[in-house]
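The next block holds one structure in the form of structure tokens; read it before the comments.
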Amino acid sequence: MERNKVWTHLQSYRGIIAVGTALRLALFLGASSLCHALERRPELSTPLTSIRSLKEGVYIHERGTNPYDGGVFYHSPIYLAALTYIISASSHFFTAITWTIADVASSIALINVWRSRSGVSNQKRECLITALYLFNPYTLLSCLARSTTSLDNAILLNAIASAANGQALPATILLSLATHTSLYPLLLLPPLVMLLEQTKKSRQKSSVYSTLITFITCFAALAGLNILMADYSWIGQTWGVIINVTDLTPNVGMWWYFFTEMFDHFRTFFLGVFQLHNLIYVAPICLRLSDDPLLAILVLVGIMGTWKSYPTLGDMALWAGLLGCFPEIVSNLRHPLFTLTVHLYTSILLPLLHSLWLLTGTGNANFFYAATMVYGLNASLAVVDVMGAGLRVKVKRDATEMFLKEDIQNDQTQEATNLEVIDKLWEGKGWSVVQFTGSLF
Amino acid sequence: MTLRHLYLILTALLAIPLCIASNAQLDSQLSDLFSNSTGTGRHTNNWAVLVCSSRYWFNYRHMANTLAMYRTLKRLGLPDSNIILMLSDDVACNARNAFPATVYANKGRQMDLYGEGIEVDYRGYEVTVESFLRLLTGRHDPSIPRSKRLLSDASSNVFIYMTGHGGNEFLKFQDNEEVSAYDVADAVEQMWEKRRYNRLLFTIDTCQANTMYSKFYSPEITSTGSSSLGENSYSHHNDMDIGVAVIDSFTHYILQYLETLGKASTATMKEFFGIYDPIKIQSHPGISTSLSTVPPEEILVTDFFGAVARVEISPKEDELSPLSSDLRGNMWELATKPTSRIGQVDVQTSDIEGVLRESGDPSHGWNKPLEGRSNLSNILGSLVGIGGIGLILYVGAARQEKVKEA
Amino acid sequence: MLLSSLRLLLLAPIYAAAVSQHDHEDAFSESLTLHPLPDGRTSVLFQFETTFSSPRLSSSIPQSHHSLTPPSLLLPLETNNVSELTISFTSGWDSTRFSSAGLMNYDSSGGGGEIRGWLRDSHDVQDRWNAVTNALGGLFCAGLGGKDKDQGDVVRDFGGIYPQKRRVENTTHFLLSHPESHLCTENLTPFLSLLPSKGLSGISSLLAQPGIIFSWESQSEGIEILMPSTTHQGRWRGWWEGVLPLVPENNKRGNDKTRNFSIEQILRKKLPKPFPEAQSSVLRLIKDLADDNLRAQPNGEEKKEWIDGKSRTVVEWDLSNAELTGNDIQFWWDGENVYHYPRNIPPPPITISRTVVDKLASDGTFQITISNSDDFERRAIYSEIWPWWVKGWMSEIELLVGDRKRPDLLENLSYNPSTPPRISTTTLHFTLLIPANSKATLKIPFSKLTLKYTEHRPDAERGIELSSGILTLLDTLPETASENENSKDSRNTGRKRIYTNRLLLDIPTPDFSMPYNVIIMSSTVMAVFFGLMQGALTRKWGWVEVSNGKGEIVQEKKDQ
């Protein structure tokens, strides 16, 4: 009886969260040397997100020097303040708890996203989403490495969850916070506003303008606080570095080697190209997926996680976690197995080739570059796959709806939105979605 | 009144011999007095840029090439201040050098090229394509000291010697970057436009060296290189104790020849080029004289390899009225724009003798527009000048008269 | 009578000025100092000192003071408001010198080249410093200027380490370190040409032999200039120090395995006539207490002197003594038939060494070991200069004595981080206590930042040198503080700074043949992604019915 009760508890998402928390705390406190080793991994934390740099910055700040004066500290002043005044950066225990809480908050946010998206409370699916996020090795390792990516992810996921629930104020506040800490979430502002428009409840009179104004106010307020703390020097040392890519420490992204090898006179041009490449997708995706802003957010998060200037595996974890809220897309992916196996492959390749080059000094830079190329290409193809799957699902829904409207005798109209029903119907009819070569317009 | 007449007569008397003597006699007398009788050019100073562009111990021979050239120039009288020496590595005090602070260019180690005193103007990491091109064009940061600048002018003969590893139309610097034949040609054109040389001798010892001067298009350049397109330049011999090759063939034979010359030598560039022996050098040295208005047999070797202490004697009338300076300005414009540019003649050693013979032939038509024009302008200038003197004297006399009358 | 006395009174200042003018005449002195070291080597130090008084070159009084001091040296300094300047090159010292805390000449810096000085403040003081470094770099045939146009590699916070020798208000200290530079004939030539004796006569003629000088184990060259002021004369001092083994390992002198030497043996020349303009021209031999049986023939004048924390015997020969000219001086150790290299050499009171441990291609830890063999605690500042690509982790610094962490000994830490990606320097100053008879170990973890392809040197695989670390002792006392020798100890020394060796750090390099490949491949991945996204976003979607393999196609345009 008792055992049964525990089992049912474990089957609920709360149980999964409890297990995830316990695992994290156990590893943090029991295998601190592992955590210490993970902190130095370039796959898990870049100079912009590593706890080592953050500790260094806090150390310098505590001694009354502005850490942004030298070129060694690239974290947001928000993190600097939080780890100086709220929790001590040097305390292993308190930081461990903070990072565990961040992961838990992320997983709860994911459940909220799922609930508001599907409109139903499916116990099994919720368990799956939580487990997929909390036990994803990328998430777990990022958390153990205490990369601030985990914190960024928690803030961003909660912003998305709030938006999905139609809570404009928390959504904008959290998004402005996320923008402050890692800049790229700014690209999610348009789909987030669209999402808020879609989900707003009648009693709320939120409009696009008021959301934007809230965002700008919040953003300015945070900037003001930062300026109070570390005058203006932080802007160049945080966002400036993200934009200008001045620190070329190897990471899993496509930028560092490109800009290491770049000729000086072309550097600015290619910086523009690479940054615009991130920016360019926002408008078309928002237009194309205007009826499903959450899907737009998913695709944009994927693009950001692959193409931002300092990506980590934690960014991929965020995307993978968010993907768990879209079961209809996962079931419509073209090459999920390929994506997964290449991820496994790169997760072996990246540390191996990195250590060959930078630890033992027996390989050269091309080794690690090749691994990041494989990783980047795979992540890019996965994003395209998700995009295609999203559009495919949409076509299926529309076609089914149309078909059911024509066939009035059919009494399945209510269930037209149920995905399993659609899939069954399509299988029976022998239909499949295709992409035509003609242009949309 | 009588005084005025007297002045006029005096002026006329003065003017007649002046007119006659000014160009022919006086000039030649003055130039006999001041100039180096062995010089053929119109230059008054000499500059040399010696570049060794390769790094590392195993390129010892390139350092030795350059230093041997440096030593020869100094022997022929060029002061250190007029030699810009660029050495991209330090073999003399290299830890691998068993004979510290010495560099030898022969296997017996008879002569130390580093010697008791040496001034290396650009050394080690300072030797870059940028610093070389800046040196030629004179575009330096204001804080760069004079010792690192090529302070030549329109009456300088500039000798550029380069050695290192190269290829078709490029020369490697420090195993890291390259200077292309086009870059050098453009830099030299800038030098010409900025009147930084009177005549230029470009000598290069590297693989496929002749391609390096093939892009020159500025006037008054004589160039020579060690090997033609597709050929390597080989080292001459090794020293077993130093452990590396000590000198390149081409430079070795040039130096062997220069060693026979003294400061007062009257040997010409034709003789210099005449020593090229493709069999001994193991490659085909090239000569390009097509851009020079003066044939090699009229250029002395010491015009480049040595310091001609020559004083420029500007005709007396040059310092006169604005009219004459206008004339001279026009003339300068004419001189800087060669009316006819002779087609590129790149010479391989196989035809050297032929070309040398041909160039000796007056019918070959070596372009000498500058000479003619300058003679004409000299006469014009002196006439105007004398007129001016006369006018001044006349006015002076008239005033005297007035004063008297008052 | 009254009138004449009045005249005298009126003219008195003029007389006085004339007299003082006479006092301020330029003077030159030269010396050669030999100091046999306990490890079978000897140090040879040439010193040339000139005092000069040149109020201002711009003044209307015609200057006739450059007979002893070359204008090529003074002009750039006068025009650029320099009040003090020191240039020092040291090469070969790193590995060979372990019996002594440093070179005999206290102003020699650690390995490599260094230019440092005090400039009077002006609005363009940075540009003036730039002009000075470039001018003197040209003069000494060495690239002494900054690598960076913005002078990011110039260090300004070493004024406390190299204090002014003569107090001048409103001055700024600058230091530019070139650990990669070394010494060769091209540096000796301009040095000699600055001397009034030009390497042709006097002691400088012994120095003008590059083949001999550069075969020694280590060399150090330098000049120090104090510019004249209204109250003081100017003074410039040039030095050249070398260390050579007296018993060479490949013994070319047959079976002669003693340390016996003579001036002619080490310098291949007899004693020269002093430079005629020199006020003094001396040969000096410094004998340690352990070298009590060191003898010289002919004998010089002996006296006791307190030098570098120890009492030593100084033997002096005046070269103006005509008997010495053209002769030689022999030195030998009484009763020494065969010289054995000592197994243990008593270390100097303070020694310092620096190594890199935990060596990875991208990371490492500097380990600085400072040992104090005295019976009292010492207080010192340890300073480091790093190029911008060395990123130290201040929060992880440890100070250990034995195996115990002793953060209490670290009194203060001043940290000026560099500002990458600009060429810049990080400077670090630790104020620390070194307990008596112990070995303190300072550990500084660091990471190497990735340099751009274009920022590497042509010989990137060789690595890049790091400047020597400097230990500045804060509790030194003057050598001549008290006449009573018993009250003196090793703290009574003019040697305030002890240098570590240089370090050659290898840095992770990109593949230098890859730029085009990387640009092409990365751009291809980007183009593939862009193309696929564009396809997915702009193409029509529809559905087909596939039945029995034939496929009756039902196309529906999707309304957008």
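Just so you know, all these numbers are worked out from the coordinates, no wet-lab data involved. Remember, it's a predicted structure, so these values are computed and weren't measured experimentally. Quick reminder, even Gly has a Cβ in these numbers, built from the backbone with ideal geometry, and neighbours come from all protein chains shown.
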Evaluate E = 1/(1 + (r/R0)^6) for B:Arg195 and C:Thr355, where r is the Cβ-Cβ distance and R0 equals 56 Å; express this FRET efficiency to the nearest 0.05.
0.45
Would you mind finding the longest exposed-site-free stretch of chain C, with exposed GluC sites (Glu not before Pro) meaning DSSP loop and at most 11 other Cβ atoms within 10 Å?
C:1-168
In percent, what relative contact order does chain C have, based on Cα pairs under 8 Å that are 6 or more apart in sequence?
14
Mind telling me which of A:Tyr369, A:Tyr345, A:Tyr184 comes out most flexible in a GNM of chain A, alpha-carbon contacts under 10 Å?
A:Tyr345
Let me confirm the definition first: pairs of Lys residues in the stretch B:45-303, 8 or more apart or on different chains, C-alpha distance under 23 Å. How many are there?
11
How long is the gain from A:Ser88 to A:Ile227 if the chain were fully straight, where each residue apart is worth 0.36 nm and the alpha carbon distance is subtracted?
47.9 nm
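Using unit Cβ charges (K, R positive; D, E negative) and no other charged atoms, how large, in debye to the nearest 20, is the dipole of chain C about its Cα centre?
Values: 58 positive and 68 negative charges, 156 e Å.
The dipole of chain C has a size of about 740 debye.
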Length gain on complete extension for the stretch C:Glu301 to C:Lys257, per 0.36 nm per residue less the alpha carbon to alpha carbon distance?
13.0 nm
Computed label-point distance, nm, for sites A:Glu427 and C:Lys439 using a 7 Å Cα→Cβ extension
7.5
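Taking 22 Å as the cut-off for C-alpha to C-alpha distance, list the pairs among A:Lys124/A:Lys200; A:Lys394/C:Lys540; C:Lys147/C:Lys443; C:Lys165/C:Lys287 that go past it.
Details: A:Lys124/A:Lys200 28 Å; A:Lys394/C:Lys540 12 Å; C:Lys147/C:Lys443 29 Å; C:Lys165/C:Lys287 28 Å.
Too far apart for the 22 Å limit: A:Lys124/A:Lys200; C:Lys147/C:Lys443; C:Lys165/C:Lys287.
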Between A:Ala22 and B:Arg42, what is the spin-label point distance in nm, taking each point 7 Å from the Cα along the Cα→C-beta axis?
10.1
What nm value, rounded to one decimal, do you get for the distance between A:Arg397 and A:Ser32 when each label is placed 7 Å out toward the C-beta?
5.0
Karplus-derived 3J(HN,Hα), 6.51/-1.76/1.60, for each residue of the stretch B:283-298, Hz, glycine and proline x
7, 9, x, x, 9, 10, 10, 5, 8, 8, 7, 10, x, x, 6, 9
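By its C-alpha gyration tensor, with a ≥ b ≥ c as the square roots of the eigenvalues, how is the stretch C:277-350 shaped: rounded for a/c under 1.5, else prolate for a/b larger than b/c, else oblate?
Details: a/c = 2.75, a/b = 1.50, b/c = 1.84.
Judged from the Cα gyration tensor, the stretch C:277-350 comes out oblate (a/c at least 1.5, b/c at or above a/b).
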Per-residue HN-Hα couplings for the stretch C:502-511, Karplus 6.51 cos²θ - 1.76 cosθ + 1.60 at θ = phi - 60°, whole Hz, x for Gly and Pro?
6, 10, 9, 9, 8, 10, x, 10, x, 7
Based on the Cβ-Cβ distance from B:Arg75 to A:Arg267, what FRET efficiency comes out when R0 is 45 Å, to the nearest 0.05?
0.40
Give the calculated FRET efficiency between A:Phe135 and B:Leu133 to the nearest 0.05, with a Förster radius of 51 Å applied to their Cβ-Cβ distance.
0.25
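For C:Asp403 and C:Tyr339, calculate 0.36 nm times their separation in residues minus their Cα-Cα distance, and state this gained length in nm to one decimal.
On the way: separation 64, 0.36 × 64 = 23.04 nm, distance 3.89 nm.
Between C:Asp403 and C:Tyr339, full extension yields an extra 19.1 nm.
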Calculate one ³J(HN,Hα) per residue across the stretch A:379-388 by plugging θ = phi - 60° into the Karplus curve 6.51 cos²θ - 1.76 cosθ + 1.60, and present them in order as whole Hz with x for glycine and proline.
4, 4, 5, 5, 5, 4, 4, 5, 4, x
